Amino acid sequence: MPEYLPLLLISLGITGVLGLAAATLLHVLANRFSVETDPRIGQVLEVLPGINCGNCGQPGCSSFAETLVKSASSGSLGSLYCPPGGESVMAQVSSLLGLAVTKREPLVAQLRCGGTLKTAPERVHYEGPKRCALAHNLSAGGSLCPFGCLRLGDCVVSCDYGALIIDPDTGLPTVIPDKCIACGACVRACPRNLFHLVPRGRKERRVHVACQNHETAAVALKLCKSACIACGKCAAVCPVNAITVENNLATIDPLKCIACGKCVPVCPTSAIQSTFPVPRSSEKEA
Amino acid sequence: MSLLTISQSPHLKGPITTPKIMLAVILALVPGMAVQLVFYGLAFLLVLVQFVVACVVVEWSIQKFLLREIPSVTDGSAALTGVLLALNVPATLGTFPIVAGSLVAIGFGKMAFGGIGRNPFNPALVGRAFLTASFPVGMTQWPKPFSLGMGGTDVVTHATPLTRLLEGTQVIGWQEKIASGFDPLIWNAEILAAAYLVGALLLILLRVIHLAIPLSYLMGLSLVTLPAWLVAPSLQDPLFHIVNGGTMLGAFYMATDYSTSPMIPRAMILYGLLGGILCAVIRLWGAYPDGVAYSILIMNAAVPLMNRYMQPRRFGSQP
Amino acid sequence: MNTLTFPRGGIHPPEYKLSEHAPIENFPLPEIAVIPLSQHVGAPAQCLVKKGDKVKVGTLLGEANGFVSSRIHSSVSGTVLKIEDVPMANAYKVSAVFVKVEGDVWEEGILPGNQLMAIGNITSEQIIQKVKDAGIVGMGGATFPAHIKLQLPPGKKPDTLIIDGAECEPFLTADHRLMLEKPDEILRGVQLMMRALGVQRAIIAIEENKQDAIDILTARSENLRREIAVVSLRTKYPQGGEKQLIKAVLNREVPSGKLPIDVGCIVNNIGTAFAIYEAALLNKPLFERIVTVTGPRVPRPGNYRVRVGTPVSQLLMAAGVELDKVRKLVAGGPMMGKAGSTLDFPVTKGTSGLLVFYDADCQPRRVSPCIRCARCVQACPMGLEPYLLEKLGEKNRLEEAERRGIMDCMECGSCSYICPADRPILDYIRTAKARILKIRREKKPT
């Protein structure tokens, strides 16, 4: 028998007893203080996107799952909705909880400025951190249009889903509709409130006025060739009266708009943009 | 016509820049380097050049190939780390330890945390601690001044006063030293300390470093060594501890490193005092003689806490 | 005389007082004056004229619109051409009255300024009314309506009036020249303010780099020694900051978030004192001001008495500036002034200086990482930690920034000036402050 055996046995014994005691304690405590959770919360959480965007009004997906289950036990899911998940996710939630869910139109982010590097060129050189919030605070921005896009990309930074990129030709951020989950981060990031969440429309057909300049035509045109000049031609051709011209600016009501595209070619400054090709019938001869 | 520039105020810019600061510290170390050069000849120069080149190359490569950012070695901070490392090691150190030390100092001590300004520990000291642990022989064999010939073949090492202190062997006392007249071999530590002090005065005059840290560091050191000396004279007097073992280099050039020292005078004093006390404790009762290096590294770890909880007094706040 | 200063923080930028020996010149009238209806802090004035109206110098163009607002007067005589939005220095637009200049006919009742008027027995109420009627604002650049500062809130009683003649901004010399050329008028203005406020003591504080101004004001106030004192301040930026000035002169500290009146004093600018003299004793509304036109490469830096509404490009040309070489135009001083987006905005009541930089004066910013050298902490006169506030602002951690005192920041720019890494410290702090204020405004109604 080697001389170190008793030592080995003693230490083995001590650690073994200690381990056993700790395990017993853990077991007892775990049973005593365990919290009853509804297993459905976990199931609901499984089907949620898990990106914690906060767009449902809850701080994250798990608390939204809890809210869903809680209101399910009261008999109705009310208007709870997961915007990034959309219809497919809500359908799964519905089948899990056995209750009807509200239907919402899927949304997408949209930039309401068309002031590209060509039509609204840089007129001053901004020196400082490339952040829109800072440039906005300092001055009217590179193009000097006090309403237009600053083209420094705070929205791109804010987008967690890679749905926004700066187009090097125009200088403007471009939304990639397939990636956009309408979380609204860009809406909050833009110091000039140029982003709006709008219904995606049937077959992704959308028309919008890419301008928010409220100045008169002469003033606006001086800084930007693609500014809305509130001429009213679009409102005149609109078959469903979806366009209102107010305060020197035309606005298209996305709920009324049938995306026929008739207003697009009549706009003299091409301020109206569409997601589908519209032939410009009356091109002016050069 | 070029476009008008717009920017936030202020529209004037002060003259101080990061490279100028680093250059000032390197220049302030020139007297110290000159003394080492006289003591150890070309061997020291070789170590110095190797360290500087290694540090700069390591930083450049990490920035270029790993971080994929524009290298910023021109700011001089890597070169400064190299100089400090060279002053921290025996002049007999070989090329392999030098390269390894630079790699650890810059790679692990600095770039791993995101580069200049983000490192919690002084990179040169991280390198030194690594070298002490990995190359204990090379790092503790200090050559005797003037013993290295041009070839540096027969190295005569000597036990430094601090090693003697640790081993309990006899240290040459002040009376003996004074009696021996001005022999640079005997006064080598004092000469080096004086050279560091000259450069440090320049830095203080240029307001590159704040007096609070070195002063409180030396005070903290004396705070422990003075009573210890009075009780047991063999533990040596405070002046011995200030002069020997790189205390001057540590207090004035390494404890004052910007990113690893506190931001406000009050915290600087606390940092210095605690550092000095730690240094004395390590020297008198520790296993290693390098009290300075470890005391500063330990205090470095406390700096983020100090910055968080010790704020400057706000103008108009109630006392 | 010993010099006073505030105890902590501050920087010593080069002074560049290029125009300090250039006497104030009357600037010729423009052909068309563009008079903005918002030249002050607060609500824009309500326009009272319409196209085709004939106006004289001093005719009321806009009535104060609300409590914090100020009147706007015509600076020229002629015909109103139009009322239209014009871009100001920052290219944001405000409504302005365009007046085609015809002759130089002044409203009746405005006395010529070449004789020194006695104060007489004008009452406090009369003075405040005249200041209000004349549309006087803080002339140091803050443009806060002056009459509000003279009306004491109930229960508050100041004991000291401090007149800020520090002019601590580099380059600017408008106040300096005014002190040299109009010392008696300034002293009268100070006395008028003292009477309006009911205080027994006024202190005129001037930086020691303007010894000639200290001397002349000391000499002229010899017989007023019991009420007016002239003190010399150390030349240090931001010596003219309101809170720093009070600390330097009276050693009183305005608590965070409070006003000077809470420590018993009122601070006004030299230019404001002069404007109050003109308003109360000459019945002259505020329609012109002294503007320093300067810059490192400006051929003839100078000080001009300019009518409000004069396009700045004319002033630049008068100083010999080649407009197409201008790389940066700053309205105000180099430390706190605003960079202009055009060369065509009009001079307003708050334009204390026009600072021109050419290409060679503007090195591009080379931002490098913060090395935590603590220079900004040491330079901050408010005892803040700018390096931290910059980080918090960049990361949009506004609550923490508020806890660390970001709202105490007066945007003096000492931190950005001193930073060896050239970091945009103030850029982020300013934006964070704007965001916090916006959130506070949005919260209020609910």
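Read-outs throughout are calculated quantities, based only on the coordinates presented, and are distinct from any laboratory measurement. Remember, it's a predicted structure, so these values are computed and weren't measured experimentally. Neighbour counts run over all protein chains shown; Cβ positions are idealised from the backbone, glycine included.
Below are the figures for this structure:
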read-out	value
Sorted by Cβ neighbour density within 10 Å, fewest at the top, the residues C:Phe98, B:Phe315, B:Phe113	B:Phe113, C:Phe98, B:Phe315
Rounded to 5, percent antiparallel among DSSP beta bridges of the protein assembly as shown	65
Crossing angle, helix A:61-73 versus chain A [Cα axis fit, 0-90 degrees, rounded to tens]	80
For segment C:323-328, 3J(HN,Hα) per residue [Karplus equation, 6.51 cos²θ - 1.76 cosθ + 1.60, θ = phi - 60°, Hz, x = Gly/Pro]	4, 7, 9, 5, 9, 8
Angle between chain B longest axis and helix B:30-40 axis [Cα atoms, degrees, rounded to 10]	30
Placed amide H near A:Ile272: partners under 5 Å, 5+ positions off or other chain	A:Ala210
In order through segment B:258-275: 3J(HN,Hα) via Karplus (6.51 cos²θ - 1.76 cosθ + 1.60), integer Hz, x for Gly, Pro	4, 6, 10, 10, x, 9, 10, x, 4, 5, 4, 5, 4, 4, x, 4, 4, x
Global geometry of segment A:39-97, whether rounded, prolate or oblate, following the gyration tensor of its Cα atoms and the 1.5 cut on a/c	rounded
Whether segment A:107-274 is rounded, prolate or oblate, judged on the alpha carbon gyration tensor where a/c under 1.5 counts as rounded	oblate
Segment C:172-317: relative contact order in percent, alpha carbon pairs under 8 Å with at least 6 residues between	25
Peptide-level mean, for C:410-419, of C-beta atoms on other protein chains within 10 Å	4
Percent RCO, i.e. relative contact order, over segment C:375-443, from Cα pairs under 8 Å lying at least 6 residues apart	38
Relative contact order (percent, whole number), chain C, Cα cutoff 8 Å, 6+ residue spacing	20
Beta bridge orientation in chain C: antiparallel %, DSSP, nearest 5	60
Centre separation in Å (Cα based) which lies between segment C:186-245 and segment A:77-99	72
Cα gyration tensor category, rounded, prolate or oblate, for chain C with a/c compared to 1.5	rounded
Peptide C:88-98 - average C-beta neighbours from other chains (10 Å radius)	3
Partner chain coverage, peptide C:359-372 - average Cβ within 10 angstrom	5
Degrees between helix B:123-134 axis and first principal axis of chain B (Cα, 0 to 90, nearest 10)	40
